[in-house]
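The values are calculated or read from the model by the stated rules, or taken from the named source; none is laboratory data. For clarity, every value in this text was computed on a predicted model and none was experimentally measured. Note: ideal-geometry Cβ built from the backbone for every residue, glycine included; neighbour counts use all protein chains shown.
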Amino acid sequence: MLSILFVISALLMQMLGASPAVDNQSRAQILRYDIETANLPNSYKFHYDADDGSSRTEQGAILNPGTKDAALDVAGAVRWYDAKGHLYQMTYKAGKRGYRTIIKKLS
């Protein structure tokens, strides 16, 4: 039960964090969305592509499920274009060592 709560909490935080800060901005439309939840509550994967060229991929898993050392491990990547048309990618990982990101300008 605790594992399910961790996964649902992580997904909700991601959805809330993705909300735009300014409502007058045009919102990208999702072109493709794939999700794999067959292994819930132990793991999940998802990917989406939007019409503005942005995309996101994420996978998460419970490490040591059913033990006192159970922990959620998440890794993913986000791509977006800035106002000048430059493509960026942020990769991230969250787990026992905390939350780490790397941002690269791809073009």
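Some observations on this one:
- Top-ranked residue of segment 12-55 - restricted to ones that are surrounded by 15 or more Cβ atoms within 10 Å (Cβ to Cβ) and aliphatic (A, V, I, L, M), ranked as modelled with the highest pLDDT: 50
- Among the residues of segment 89-107, the ones that are surrounded by 10 or more Cβ atoms within 10 Å (Cβ to Cβ) and not charged (D, E, K, R) come to 9 in all.
- If you go through segment 65-93 and pick out every residue that is under 27 Å from residue 52 (Cα atoms) and either assigned to a loop (DSSP other than H, G, I, E, B) or in contact (Cβ under 8 Å) with a residue 60 or more places away in the chain (or both), you end up with 6.
- When residues in segment 50-87 are screened for being closer than 17 Å to residue 106 by Cα and of a type in the set (Asp, Glu), 2 of them pass.
- Filtered residues of segment 28-48 (kept if under 16 Å from residue 74 (Cα atoms) and in contact with a Phe, Trp or Tyr (Cβ under 7 Å, 6 or more places away or on another chain)): 35, 36, 37
- Per-region count, segment 25-62, residues over 15 Å from the mean Cα position of the chain (by Cα) and part of a loop (DSSP other than H, G, I, E, B): 13
- The requirement of being among the acidic types (Asp, Glu), within 11 Å of the chain's Cα centre (by Cα) and more than 19 Å from residue 26 (Cα to Cα) is fulfilled nowhere in segment 63-81; no residue meets it.
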